[in-house]
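Working notes, structure below.
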Amino acid sequence: MRPTTFLELVEKEGANIDKIDFYKINIDSGFEFFRVVNQIVKNLDTLQRITYEIIEDYNRQNCRYMELRSTPKELGGKSKD
């Protein structure tokens with residue numbers, strides 16, 4: 001997800017990002033990031049926007065293959081794995 005989109009959605013949804021240390025990335029901060037993402041991806045429009053932006057950004061980098069996976073809890077999705 002684009003950092004600008006992440007921060008925009010955090011502000012819009014009022015999510016708390018105090019526990020994320022953007023300067024010290026580790027497994028704990030990664031799980032905290034995903035916890036916040038689950039709070040801010042609340043509808044299909046947001047999921048579509050994020051997906052489009054990711055594909056757009058990777059296309060600009062000449063990426064020709066990528067896999068995306070998401071199971072937004074707010075949308076009632078369950079992993080099929």
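In segment 3-74, with Lys and Arg counted as +1 and Asp and Glu as -1 at Cβ, which of these residues, Ser70, Leu47, Phe22, has the Cα nearest the positive end of the dipole, that is, farthest along it? Positive-end residue among those listed: Ser70.
I need Leu68, Leu47 ordered by Cβ neighbour count within 10 Å, fewest first. Let's see the in-between values first.
Details: Leu68 9, Leu47 16.
Neighbour counts put them in this order, fewest first: Leu68, Leu47.
Taken one residue at a time, the phi angles of segment 61-67 give Karplus couplings (6.51, -1.76, 1.60, θ = phi - 60°) of 8, 6, 6, 10, 8, 7, 10 Hz. Gly and Pro are set to x.
Pairs of Lys residues in the chain that lie 8 or more places apart, or on two chains, and have C-alpha atoms under 29 angstrom apart add up to 12. Taken one residue at a time, the phi angles of segment 27-38 give Karplus couplings (6.51, -1.76, 1.60, θ = phi - 60°) of 4, 5, 5, x, 5, 5, 4, 5, 4, 5, 4, 4 Hz. Gly and Pro are set to x.
Arranged from fewest to most other beta-carbon atoms within 10 Å of their beta carbon, Thr46, Thr51, Thr4 become Thr4, Thr51, Thr46. Distance between the pseudo-spin-label points of Leu68 and Asp21 (7 Å out from Cα toward the beta carbon): 3.1 nm. Extension gain, Leu7 to Phe34, is 8.4 nm, computed as 0.36 nm per intervening residue step minus the present C-alpha separation. Would you mind classifying segment 11-52 by shape? Square roots of the alpha carbon gyration tensor eigenvalues, ordered a ≥ b ≥ c; an a/c under 1.5 is rounded, otherwise it is prolate if a/b is larger than b/c and oblate if not. It comes out prolate by the Cα gyration axes.
222 nm [θ] for the chain, helices only, -39500 (n - 2.57) per DSSP H run of 4+, per residue, to 500?
Numbers: 3 runs with 42 residues, N = 81.
It lands at -16500 deg cm²/dmol.
The charge dipole of segment 1-42, taken about its Cα centre with unit charges on the Cβ of Lys, Arg, Asp and Glu (plus for the first two, minus for the last two), comes to roughly 120 debye.
Relative to the Cα centre, what is the charge dipole magnitude of the chain, using +1 at the beta carbon of each Lys and Arg, -1 at the beta carbon of each Asp and Glu, and rounding to the nearest 20 debye?
About 260 debye.
No lab work stands behind these numbers, since they all come straight from the coordinates. The structure displayed is predicted, hence computed values, not measured ones. With ideal geometry, Cβ positions are generated from the backbone for all residues, glycine too; neighbour counts draw on all protein chains shown.
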